[in-house]
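> For reference, the structure I am asking about is given below.
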Amino acid sequence: MKIPFNKPWFTGKEIQNITSAASFGHISGNGLYTKKCHAFFEETYGYKKTFLTTSCTDAIEMAVILMDIKQGDEVIMPSYTFVSTTSPFILRGAKIVFADSLYNHPNIDLDEVEKLITKKTKVLVVMHYGGVACDMDKAMSICKKHNIILLEDVAHSIDSYYKGKPLGSFGQMATFSFHETKNISSGEGGLLVLNDEKYIERAEIVWEKGTNRSAFSRGDVDKYEWVDIGASYSPSEIIAAFLYAQLTHIEDIQKTRNAIWDRYYSNLLPLANKGAIQIIDLPDFATNNGHLFYLLTENKDQRDELLDYLNHNMVHAVFHYLSLHSSPYYLKYHDGRELPNSDKFADTLLRLPLFYELSLDIVDMICEKVGEFYGE
Ligand SMILES: Cc1ncc(COP(=O)(O)O)c(C=O)c1O
């Protein structure tokens, strides 16, 4: 049987929680399990206020509404990211200014960002690739100096840290994903983190389809009315109950994934030391959350050959993002700057299977296959 790239893992408590949510007779959004999930994130990581959402894409859409993005506002973000980092801004008429990745890491090159700032720049989005932090001192100082909003796309970054502080707590806003491929999953799901008090009141309204329903439920207002724009961003209690089961196992999940990551690293390091492949070391300021393990090949042809070799040998390995600045949709809007590092990661990065139930023996076997490809 082929070794899958990803396999969702169930803690065993999900169905129990869903049954319990159903027994309370409240399975639409913002019930007991939604509140438990919010409390988990606020108490564990110190986020000021959180809102569970139907996906990370939707959390970014909410963030964009709260930032009041208008036609012509400029938003700087990496080209090497998922389309959802971008498309909610496009929906509201923003101009995306793509920045390159660092030479030695897929994360955004913050030194380049300074050169892209204009009077119209409203937001800087950083995405911590593979849960490994961008240099947040640098990102925060750029945003402070130019009075720009900082959004952290923390889709990959649950329980990961920069200089001991959790990712998602640096930006005014941050957005998590609980898609099936993430460390903690509810199939589809997301979370908007607000660290700036000023967005909270409006967020409650945008989250509830533009109504003041939350205030009404608390008894703060005597009428439930349409007061702003919004959408249906709040997931059902069934999703929240599932997610909460996963959250209560986070320590075990992170420990297991990190052990798999470490095994890949120690097995493949000799090959990297010989120069056959490249494995990127973590910067001193960042932790690893075992979200994904990737290696870099010499060039695209070699990456594609290695992908074919592994897939023919029953290992489902995959590439990752394709540069957004040269995507069929955005090419006509991009200002023509070359972004060679982003293209390099699009061409040479290969991800190996990593999921909770992947045994270390299988990891050893996958690494042997990689070695075989390089004639070991
Ligand atoms: C960096 C990044 N941002 C956003 C998303 C969107 O997440 P979701 O599928 O929860 O909408 C993804 C999806 O994998 C992602 O990789």
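The values are calculated or read from the model by the stated rules, or taken from the named source; none is laboratory data. Everything quoted here is computed from the prediction, not taken from an experiment. Note: ideal-geometry Cβ built from the backbone for every residue, glycine included; neighbour counts use all protein chains shown. Heads up: the accessible areas ignore ligands, DNA and RNA and are worked out on the full protein's heavy atoms, side chains in. Shrake-Rupley method; radii C 1.70, N 1.55, O 1.52, S 1.80 Å.
> Among the residues of the range 331-349, is there at least one that is in a strand (DSSP E or B), open to solvent by less than 30 Å² (accessible area, probe 1.4 Å) and under 19 Å from Pro78 (Cα atoms)?
From the range 331-349, those in a strand (DSSP E or B) are 349; that's our starting set.
If we keep only those that are open to solvent by less than 30 Å² (accessible area, probe 1.4 Å) as well, we get 349.
From what's left, under 19 Å from Pro78 (Cα atoms): 349.
The answer is yes; a qualifying residue exists.
> Give the range 291-328 a look and list any residue that's within 16 Å of the ligand (Cβ to nearest atom) and not in a strand (DSSP E or B), or say none. Don't jump to the end; show me each part of the working.
So the first thing to find is which residues in the range 291-328 are within 16 Å of the ligand (Cβ to nearest atom), and the list is 291-294, 318-325, 327.
Across the range 291-328, the qualifying residues are His291, Leu292, Phe319, His320, Tyr321, Leu322, Ser323, Leu324, His325, Ser327.
> Any idea how many residues of the range 88-113 are open to solvent by less than 70 Å² (accessible area, probe 1.4 Å) and either polar (S, T, N, Q) or out of contact with any Phe, Trp or Tyr (no Cβ under 9 Å at 6 or more places or on another chain) (or both)?
Final tally of qualifying residues: 12.
> Then there's this: Quick check: anything in the range 155-170 assigned to a loop (DSSP other than H, G, I, E, B) and near the ligand (Cβ under 8 Å from one of its atoms)? Show your work before the answer.
Start the filter on the range 155-170 by keeping residues that are assigned to a loop (DSSP other than H, G, I, E, B), which leaves 155-160, 163-164, 167-170.
Cutting the leftovers down to near the ligand (Cβ under 8 Å from one of its atoms) gives us 155-156.
Scanning the range 155-170 turns up at least one residue that is assigned to a loop (DSSP other than H, G, I, E, B) and near the ligand (Cβ under 8 Å from one of its atoms).
> Please list, ordered by first then second residue, the pairs with beta carbon atoms under 8 Å, 6 or more apart or interchain, first in the range 180-193 and near the ligand (Cβ under 7 Å from one of its atoms), second open to solvent by 10 Å² or more (accessible area, probe 1.4 Å) and charged (D, E, K, R).
Cβ pairs passing all conditions: Glu188/Glu180; Gly190/Asp58.
> Being away from the ligand (no atom under 15 Å from the Cβ), within 21 Å of Ser326 (Cα to Cα) and without any contact (Cβ under 8 Å) to a residue 40 or more places away in the chain is true for just one of Lys115, Lys35, Lys70. Which residue is that?
Result: Lys115 is the single residue among Lys115, Lys35, Lys70 that is away from the ligand (no atom under 15 Å from the Cβ), within 21 Å of Ser326 (Cα to Cα) and without any contact (Cβ under 8 Å) to a residue 40 or more places away in the chain.
> Among (1) surrounded by fewer than 23 Cβ atoms within 10 Å (Cβ to Cβ); (2) away from the ligand (no atom under 12 Å from the Cβ), where does Leu124 come up short?
Every listed condition holds for Leu124 apart from (1).
> Which condition number does Asp262 fail, the rest of (1) open to solvent by 50 Å² or more (accessible area, probe 1.4 Å); (2) in a loop (DSSP other than H, G, I, E, B); (3) over 30 Å from Val123 (Cβ atoms) being met?
Every listed condition holds for Asp262 apart from (2).
> Look through the range 265-284, keep the residues that are at pLDDT 95 or above and not in a helix (DSSP H, G or I), and return whichever of them is surrounded by the fewest Cβ atoms within 10 Å (Cβ to Cβ).
Step by step, filter the range 265-284, then rank; the result is Asp284.
> Tell me the residue from Ser23, Ser55 that is within 16 Å of the ligand (Cβ to nearest atom) and small (Gly, Ala, Ser), please. Reasoning before the result, please.
Numbers: Ser23 fails: within 16 Å of the ligand (Cβ to nearest atom).
Criteria check complete, one pass: Ser55.
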